[in-house]
Amino acid sequence: MQFGIFTVGDVTTDPTTGRTPTENERIKATLAIAQKAEEVGLDVFATGEHHNPPFVPSSPTTTLGYIAARTENLILSTSTTLITTNDPVKIAEDYATLQHLADGRVDLMMGRGNTGPVYPWFGKDIRQGIPLAIENYALLHKLTARGRRSIRSPEIAEQAAYYGDGFFHNNIFWPMEHTKKMVSLYRRRYAHYGHGTEEQAIVGLGVPGVHAEELAGRGTGVPPVLRQRAGLRPRPVPGGLHPRDPADGGLPAGGHRADADVPGRGR
């Protein structure tokens with residue numbers, strides 16, 4: 001088992017001071033966190049890819065290249081690389097170069113993204129999110145070594161299992177029941193395709209970090225979804241935290257969905 005830190009690179013206001021860091025400060029803080037992870041003996045550091053405010057990691061290969069030069073043991077990963085809006089050939093080139101610079105310490109993680117307005121910036125349509133992910137992933141798999149998929153759709157779980165790739169579940173904005181079903185689906189299909197037993201399938205999960213004072217109820221800066229995870233109070237937004245996602249049949253991109261309950265989907 002490996003333990004590490006991953007960040008989506010959001011710029012948020014400090015709940016204790018009311019101050020919002022600059023983008024420069026947030027980027028430099030990301031580098032400091034990664035180097036501290038190496039110092040204390042954690043296994044992995046991962047940074048996301050976002051091209052819209054309030055996020056800063058629009059060039060994860062640049063960030064990870066810098067971190068690679070200042071660490072020796074840390075596994076460097078992404079959380080996640082967008083397989084839908086990026087050219088898979090360019091992904092293969094960029095991360096192959098990074099793999100050389102990091103002496104083999106890079107673990108590429110891919111996802112399709114759920115920020116609808118970003119898709120047109122790259123000439124894509126979010127309504128084609130799943131077909132784009134499947135097609136681009138298939139091409140990328142021919143060009144690169146095995147990686148991991150960040151999964152919240154059964155179709156993508158099926159594809160990761162088919163290739164025998166690892167699986168990181170995007171469970172931050174999801175009820176644990178959905179996470180359990182998706183992990184079970186992936187493990188069953190991994191074994192079905194002959195890559196090993198269900199227990200041998202590699203699975204990763206993300207856990208939101210909450211300061212101890214926030215857990216004790218003394219702070220005001222915990223987002224509702226983190227409070228729900230921490231057991232402080234139920235999620236107050238039943239429709240999810242994101243707008244409806246056409247690629248998911250109109251369901252909220254970050255809310256509850258029941259893909260795993262639909263017979264035959266992803267099987």
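From the set of residues in the range 188-218 that are open to solvent by less than 60 Å² (accessible area, probe 1.4 Å) and at pLDDT 85 or above, which is nearest to F3 (Cα to Cα)?
V203
Which of the residues belonging to the range 139-151 are at pLDDT 70 or above and either more than 17 Å from M109 (Cβ to Cβ) or open to solvent by 50 Å² or more (accessible area, probe 1.4 Å) (or both)?
Listed by number, the residues that qualify are L139, K142, L143.
Under the condition of being part of a loop (DSSP other than H, G, I, E, B) and open to solvent by less than 70 Å² (accessible area, probe 1.4 Å), which residue from the range 1-11 is modelled with the lowest pLDDT?
Out of the qualifying residues, it is V8.
The values are calculated or read from the model by the stated rules, or taken from the named source; none is laboratory data. Given the structure is predicted, the values throughout are model-derived calculations rather than measurements. Reconstructed Cβ throughout: ideal geometry from the backbone, glycine too, with neighbour counts over all protein chains shown. For the accessible areas, the whole protein counts, side chains as well, though only heavy atoms, and no ligand, DNA or RNA atoms are used. Shrake-Rupley method; radii C 1.70, N 1.55, O 1.52, S 1.80 Å.
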